[in-house]
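The values are calculated or read from the model by the stated rules, or taken from the named source; none is laboratory data. Not measured: the values here are computed from a predicted model. Cβ sites come from the backbone with ideal geometry, for glycine too, and all protein chains shown count toward neighbours.
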Amino acid sequence: MNEKSNSKPAGLNQPSPINWLEDFPPFHTMQIKVLELDDEWSRIRILLPLNEKTRNPGGSMFGGCMASLADPIAALACAWRFQQYSVWTRNLNLDFQSEGRTDLELRFEFDPVQHKAIAQELKQCDRCTPLFEYAYYLADGTLCARVQNRVAIRRKGYVVGSSGAL
């Protein structure tokens, strides 16, 4: 039997990064909407709607939803830029400034100076643990929560403890 080959170039059957993020199972339930995601993963804006699935018993945004969305964003940006390395969130901190009584917008930017410093450290050490700072904003632009996310970037095959540290 002669089967017709798929004539599409490799990767065309893959979902776009925007669709992938919106359909990622932990995010899908929260009904996020990617507002902006450039090709370099240097600027990311995501809407986290306040609804029956994200609202806490007090009526404001559930901090666990905020943490779940904030957790992988810096690591995903690093994984896209440093594809030859393994990347994961090492530490996440949310500092709540205002009650989340509206939809929230997560805003992340990958500073070109920080990218260059990470690339240099990876070249020298094969590992890096940069700190990223970004934030959630209320619908009126008021700061809701600061995010500090430390990302572990390690050579592929890295084994915890092989160099004495994570």
**OP:** Select from the stretch 40-57 the residues that are touching a residue at least 24 places away in the same chain (Cβ under 8 Å) and out of contact with any Cys (no Cβ under 6 Å at 6 or more places or on another chain) and list them in ascending order.
**Re:** E40, W41, S42, R43, I44, R45, I46, L47, L48, P49, L50, K53
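Answer yes or no as to whether A119 is of a type in the set (A, V, I, L, M, F, W, C), under 16 Å from W41 (Cα atoms), out of contact with any Leu (no Cβ under 8 Å at 6 or more places or on another chain) and buried (at least 16 other Cβ atoms within 10 Å of the Cβ). Quick ask: steps written out before the conclusion?
Values: of a type in the set (A, V, I, L, M, F, W, C): yes; under 16 Å from W41 (Cα atoms): yes; out of contact with any Leu (no Cβ under 8 Å at 6 or more places or on another chain): yes; buried (at least 16 other Cβ atoms within 10 Å of the Cβ): no.
No, not satisfied.
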Subject >> Enumeration of residues in the stretch 57-72 that are within 11 Å of the chain's Cα centre (by Cα) and either part of a strand (DSSP E or B) or among the charged types (D, E, K, R) (or both) >> reply: D71
Original post:
Since N13 meets every condition but one in (1) at pLDDT 85 or above; (2) at negative phi; (3) assigned to a loop (DSSP other than H, G, I, E, B), which condition does it not meet?
Top reply: (1)
Original post:
Out of curiosity, is S98 surrounded by fewer than 17 Cβ atoms within 10 Å (Cβ to Cβ), touching a residue at least 60 places away in the same chain (Cβ under 8 Å) and of a type in the set (S, T, Y)?
Top reply: no
Original post:
Taking the stretch 19-45 as the region of interest, how many residues are in contact with a Lys or Arg (Cβ under 9 Å, 6 or more places away or on another chain), assigned to a loop (DSSP other than H, G, I, E, B) and of a type in the set (A, V, I, L, M, F, W, C)?
Top reply: 2
**OP:** Collect the residues in the stretch 67-92 that are small (G, A, S) and more than 16 Å from Q148 (Cα to Cα), keeping them in residue-number order.
**Re:** A79, S86
